[in-house]
1. Test each condition in (1) touching a residue at least 24 places away in the same chain (Cβ under 8 Å); (2) within 26 Å of Asp199 (Cβ to Cβ) for Asp61 and report the one that comes out false.
2. List the strands (runs of 3 or more DSSP E) inside region 37-122, counting only whole elements, that have at least 1 residues being under 29 Å from Leu200 (Cα atoms), of a type in the set (S, T, N, Q) and under 14 Å from the mean Cα position of the chain (by Cα).
3. Of everything in region 157-206, what is among the acidic types (Asp, Glu) and buried (at least 17 other Cβ atoms within 10 Å of the Cβ)? Give them in sequence order.
4. What's the number of the only condition in (1) buried (at least 19 other Cβ atoms within 10 Å of the Cβ); (2) closer than 20 Å to Leu151 by Cα that Cys104 fails to meet?
5. When the residues of region 62-81 are filtered to those that are under 20 Å from Ala126 (Cβ atoms) and of a type in the set (A, V, I, L, M), which remaining residue is surrounded by the fewest Cβ atoms within 10 Å (Cβ to Cβ)?
6. Inspect all residues belonging to region 52-61 and state whether any of them is β-branched (Val, Ile, Thr), buried (at least 19 other Cβ atoms within 10 Å of the Cβ) and modelled with pLDDT of 95 or more.
7. Is it the case that region 19-27 has a residue that's among the basic types (Lys, Arg), crowded, with 22+ Cβ neighbours inside 10 Å, in contact (Cβ under 8 Å) with a residue 60 or more places away in the chain and within 26 Å of Leu200 (Cα to Cα)?
Amino acid sequence: MTARTQKRLVVIPMKDPSRAKTRLGAALDANGRAGIALALFRATLNHLSEALMLLPRGSVDIAVLTSSPEISRIARRAGVALIDDEGLDGLSQSLEVAAAWGACQGYDAICILPGDLAAPKACDLARLLRHDLAQGRAVFCPSADLGTNALLAPLPCPFRFQYGPNSVVHHRRAAERAGLWPVILPLESLRIDVDTVEDLGHLLARNPQLLAQEAAL
């Protein structure tokens, strides 16, 4: 194991684009769903890069958790680390792999950030990433439907991840059972991810060229 550092790891879990965004099937074909997933992922990497410029240099690293060759190629071009999700289907289970990897690499905290947020702001991401974890804190950013759109926890992580419906409630309880002090941090730009046709409509109303821009890459 690498010696513990005062450094944080952001992990973005990503499915292969061909398997992503199935709930948008009523509005988009397979190519369109893959295009949306890729566009949101690229945007997340860009927003994170902007957030890191607001933080002390070298205090945060980015990694992508995936087994997708296409996602892996984009991550390598962006200069971020890759963690193999070992083909595990469940998000919570695959994130346990990422947390174990981060702990073995010597990181002292993990931030889990989905790759499908509609419009995350760099200032909100930076606020989360610099949040104090002293006295056993863990931080959870709720989505509009009480999911967990971001979390920040110490490593090794003393609780199991609880992704699924109402996950922010389950994460808070799991953190409490593990002896942590859960902090609910509502950040407006992290509330909305793109999971439903309604979410997609709002996204394309703000950026009608999004799919065309992705197709041109």
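1. So Asp61 meets the others, but not (2).
2. Working: elements: 60-66, 81-84, 109-112.
It comes to 60-66.
3. From region 157-206, those among the acidic types (Asp, Glu) are 176, 188, 193, 195, 198-199; that's our starting set.
Passing the criteria: Asp193, Asp195, Asp199.
4. So Cys104 meets the others, but not (1).
5. Result: Ala78.
6. Taking region 52-61 first, the residues β-branched (Val, Ile, Thr) are 60.
Subsequent filtering for residues that are buried (at least 19 other Cβ atoms within 10 Å of the Cβ) retains 60.
If we keep only those that are modelled with pLDDT of 95 or more as well, we get 60.
The answer is yes; a qualifying residue exists.
7. yes
The values are calculated or read from the model by the stated rules, or taken from the named source; none is laboratory data. Just so we're clear, the structure is a prediction, and the values are computed from it rather than from any experiment. Cβ atoms come from the backbone with ideal geometry, glycine included; neighbour counts cover every protein chain shown.
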